Amino acid sequence: MNLAFTPRSELGDYEWDNQNGRFRRPDIDRAIISELSERSTLNGLARIGLFVLFLAGSAVATMWAAGVSIWLAIPLLYVYYFFYGFWVAIGHELQHKIVLSRAFDWLSEIIYFVVQVIMWNSPRYARISHRLHHRYTMVRGIDPETDWPEVFTYRWMRKMLRDQILTVLLIRMPVALGRTVMVLIRRSLGQKDRMMRDHCSDRDTRAIRIESAAILLIHLVVVGLAIWLRRWEPLVFFTVAWQIGAPIEGLWHNTEHIGRMYNVDEQRFCTRSIRVGWLVRLIYWGLDDHVDHHMFPSVPSRNLPQLHALLKSGLAEPRSMLQCWREMLAIGRQKTRSPESEYVPVALPPAA
């Protein structure tokens, strides 16, 4: 893949300014953004319900197949895991509180907690982390969700992709599960990572401790019941499902920022959209239009196509998942040779 790179020294007008602390945004009438930001409880519940039906259908099919042949059940089980990983998309939009109308915020928070239990993460921790991610996208030392190497080398990208594949194939799944459990144990004990030390109040820390302990207890109860009842279904469909499903979904999710620029004030430089098929679009909840989402995070995913129509002329043409990975690996090769070179995905006029 042939990509054009620019020396970082020529991009000084786009360096992140901690004093200004703002990203550039296209000038769109506030009334339009306000209209696009309207929530819909009916739409949100319908889409969540459809997603649960996909999961339930694939789980039932797996159980039926297991009664016939374990070899027949395995591919159907991986269909279930494929869908399961996309809980992250629903959890993401619930973090923004834009799925259901304000009158149903109480229901939104209940669903959000359930989804975070599924994802083995404290709801308070996830929301604070994501708020920082939007406020300081790809800003080194602040954004907790892009805490990757300072230089995206080809070797690092290959290792990350290899680890994802090995986890999906169950080889590294126990390692992923063990790390997840240890993170929750440390948070339950009040041990703080950098984000908690720098950005969480005492009240936040208490909530994270309680939520982490509760999530561990819920999963422990499920494991205990599975052993007591001698049933494999709770373990396969719940306990380890996230560790297998998440790296499958990560083939799409990890394209959002990896290989993009650190410490710039232009979302088109540090964020990547992706072209997806109809099924992934249905369950990805707008994360494919990721640049659009970062520019206007108050817009629910159901309205992102309308927003994208307004922004399209100024955005890079999104690539497919495989093309995005080819791009990322090409960036890794170039960054390995020349760490100070950057891939600029769009042609922008000089900053004012």
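I want to check the label-to-label distance for ASP204 and VAL60. Put each point 7 Å from Cα in the C-beta direction and report it in nm to one decimal.
4.3 nm
With the Cα gyration tensor of segment 209-249 giving a ≥ b ≥ c as the square roots of its eigenvalues, does the rule (a/c under 1.5 for rounded; else a/b larger than b/c for prolate; else oblate) give rounded, prolate or oblate?
Because a/c hits 1.5 or more and a/b fails to exceed b/c, segment 209-249 counts as oblate.
At 222 nm, what helix-only mean residue ellipticity would the chain give, in deg cm²/dmol to the nearest 500, using -39500 (n - 2.57) for each DSSP H run of four or more?
-18500 deg cm²/dmol
Assuming a ≥ b ≥ c are the square roots of the Cα gyration tensor eigenvalues, decide whether segment 148-260 counts as rounded (a/c under 1.5), prolate (otherwise, with a/b larger than b/c) or oblate.
Oblate, because a/c is 1.5 or more while a/b does not exceed b/c.
In the chain, once you exclude exposed trypsin sites (Lys or Arg not before Pro) (DSSP loop, at most 10 other Cβ within 10 angstrom), what's the longest stretch remaining?
Result for the longest clean stretch: 23-229.
Could you put CYS200, CYS270 in order, starting from the residue whose Cβ has the fewest other Cβ atoms within 10 Å?
Final ranking by Cβ density, sparse to dense: CYS200, CYS270.
Normalised by the number of residues in the chain, what is the relative contact order in percent for Cα pairs under 8 Å and 6+ residues apart?
Normalised by residue count, the contact order of the chain is 28 percent.
With N residues in segment 39-343, what two-decimal value do you get for its Cα radius of gyration over 2.2 N^0.38 Å?
Here the answer is 1.01, to two decimals.
Excluding residues fewer than 8 places away in the same chain, name every one of the lysines whose C-alpha is closer than 26 Å to that of LYS159.
Counting by Cα, and skipping residues close in sequence, LYS159 has these lysines nearby: LYS335.
Computed from the coordinates by the stated procedures, all read-outs in this text should not be read as laboratory data. A quick note: this is a predicted structure, and the numbers were derived from the prediction, not measured. Note that each Cβ is placed from the backbone with ideal geometry, even for glycine, and that neighbours are counted across all protein chains shown.
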